[in-house]
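Read-outs: derived from the displayed coordinates by stated rules, not from any lab. Owing to the predicted nature of the structure, the values given are computational and were not obtained by experimental measurement. With ideal geometry, Cβ positions are generated from the backbone for all residues, glycine too; neighbour counts draw on all protein chains shown.
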Amino acid sequence: MRRYSIFLLALFLTGGVAAEGPVFHLGKTPTDAEIQAIDTLADQDGKILPKGRGTAAEGGGIFALRCVVCHGLNGEGTDTPAGVAPMLIAEDKQGTEGIRHLHFATTLFSFIYRAMPMNEEKSLSEDQAYALAAFLLYRNGVIQEDEEMNAKSLPEVIMPNRDAWRPPPETSG
Amino acid sequence: MTDKNLGSRRRFLKGGAALGLTTAVVPAVRSQESSDGLSRSAYGVRSRYVTSKRIGDGGNNSDFESEYNTLSPIQNQVGIITPSALHFNSSHGASPPDIDPHEHELMIHGLVDRPLKFTMAELQRLPFISRIHFIECSANYPLPKDVTVQHTHGKTSCSEWTGVPLSLILNEAGVRSGAKWIVAEGADRDSHSKSIPLQRALDSCFVAYGQNGGPLRPHQGYPLRLMVPGAGGFSHVKWLRRIKVVDKPYLTPSERFNELHGPKSVITFPSGGQQLLERGYYTISGLAWSGAGRIQSVEVSTDGGRKWQPASINGPVLPVAHTRFSLAWNWNGKETTIMSRCTDDVGQVQPTAVEFARSRGVSVDKVLSREVRRQGHWNLVFPWKIASDGQVQHHYWV
């Protein structure tokens, strides 16, 4: 389905402009501050991670206060009228259930930091998000109890499912 | 009689005839408000005899205000266009954000020469395309407790989407070499995001503001969503607010599923929970679709899969869109199982349970297991059993 590219080329040719430059000159330039404010999703290399740190012990306390109401006292997942939330602490520390299916720890951190708790999104501090990530990674057998998670150590965690990532056919890797 | 009385009688009789009444009672036909606060003349409503509706898909989060993920009532649908009000939605059950289109912007940044932010007005000044496409949740699979086809297959709908090719917008920004992916993000509370291969973005994606002739509905992403034809629903990021051009996928939680949905079909009439009240002639009807292209053919079996007949295709056959099929059928009143199977124009055939089990290396009774469902799009041939009393129910392989 290259018809959009052909359309574009036709447009460029009739307009007499180079195919590589802008044609319509609509849209404004965002400021660096605007971009930085919105650019919060962590990449798999961890180049976009906020400052902060946390440990499993700290995370356990936060989990009990903010997370068990939906995810269950032991992170087993719940099916209550308040909502259904997935299991977060797998019984099988060798399998790929729950967060053990993720390929990168940055995925886990970003989701907690930006999307949790449900209906209270973006209410966790950076430290709290790192602590919760550390807690879940520890309880799922991925890191040691005393390993601090921060912007440097988090992307270095090798998730158990790292090698299972299969890129779609139109990408080379 | 005075002129006034005569006039009143005429109005009375006209009103009665228009309403098809045979009694002398004229109901108060005052202009009623629809839920938008507009009169029915300004914004039409359905007949009060039409009650088909979306239902919650159960077991998904709600935000305590009775919003839920919804299933489309495809058992009631005719044609291929899902009425906008009945289009399914899936977003953890959260309410759609209330976005003022005058405030909303789409930002393009990352590996580009010129980061840009577009207002909705600017986007609507750009060249547009219009495409009829289905959207299907990658978790559109049946569960043992399901009854109707709305339960088993209701996380799919089909609309005409209107918007701007992403290749055009990315060219305005100037994609830098080394770019291989984009990450699209929405303005919803949980900032839903998805990585899309750049090649797919350039070849087929567009940012849509139109749905079936009007603006997107809030549940479908008002005022802007990304369209990724053929990919799972979570790729079609709603309430789209930014696209970042990057070199590697960011791997948001749903990144396992990037493959385009394969060929899938289901009979919507007769289907689960319905009942055929007598033997005789029926027009079997259903929908077929494929994320890879057009539907090439549909077959129907009315004897449990022993014999297959070609179904008629009724209506447009469009790439990556629902396609309506039908089959004339004389039901002899005896218990039987009916099912459909489709082939798309790249040669993929919708698998039966046996074929699917063989290809995945599992036993047939595992085709509905959680482990199999987690592997990706579930598109098996789906049988309905019709009992001798005409009751229709699903016919799982156990």
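Residues whose amide H falls under 5 Å from that of A:Thr96, counting only those 5 or more places apart or on a different chain, are absent, with hydrogens built in the peptide plane.
Among B:301-313, B:183-195, sorting by the average number of other beta carbon atoms lying within 10 angstrom of each residue, highest first, gives B:183-195, B:301-313.
Where is the GNM fluctuation largest for chain B (alpha-carbon springs, 10 angstrom cutoff): B:Tyr250, B:Tyr209, B:Tyr43? Checking each option, the largest mean-square fluctuation is seen for B:Tyr43. Listing B:Trp239, B:Trp289 from fewest to most neighbouring C-beta atoms within 10 Å gives B:Trp239, B:Trp289.
Counting, for every residue in A:37-45, the Cβ atoms of other protein chains within 10 Å of its Cβ and taking the mean gives 6. Classify chain B as rounded, prolate or oblate from the Cα gyration tensor: take a ≥ b ≥ c as the square roots of its eigenvalues, call it rounded if a/c is under 1.5, otherwise prolate when a/b beats b/c and oblate if not. Judged from the Cα gyration tensor, chain B comes out oblate (a/c at least 1.5, b/c at or above a/b). Of all the options B:Gly44, B:Gly273, B:Gly221, the one that moves most in a Gaussian network model of chain B with Cα springs shorter than 10 angstrom is B:Gly44. Cα centroid distance between the range B:111-178 and the range B:288-360, in Å? First find each Cα centre; the distance between them is then 27 Å.
When each of B:Thr152, A:Thr40 is scored by the number of other beta-carbon atoms lying within 10 Å, the sequence from fewest to most is A:Thr40, B:Thr152. For the protein assembly as shown, a/c is not less than 1.5, where a ≥ b ≥ c are the root eigenvalues of the C-alpha gyration tensor, and a/b tops b/c. That puts it in the prolate class. Which percentage, to the nearest 5, of the DSSP beta bridges contained in chain B is antiparallel? Counting DSSP beta bridges with both partners in chain B, the antiparallel share is about 95 percent. Would you work out if the range A:53-164 is rounded, prolate or oblate? Take a ≥ b ≥ c from the square roots of the eigenvalues of the alpha-carbon gyration tensor; rounded if a/c is under 1.5, else prolate when a/b is larger than b/c, oblate otherwise. Taking the square roots of the gyration eigenvalues as a ≥ b ≥ c, the range A:53-164 is oblate. Taking amide H atoms as placed 1.01 Å from N in the peptide plane, the amide H of B:Gln391 lies under 5 Å from those of B:Leu276, each 5 or more residues away in sequence or on another chain. For peptide A:118-127, the mean count of partner chain Cβ atoms within 10 Å of a residue's Cβ comes to 3.
When chain B is treated as a GNM with alpha-carbon contacts under 10 Å, the residue of B:Ser369, B:Ser41, B:Ser326 showing the greatest mean-square fluctuation is B:Ser41.
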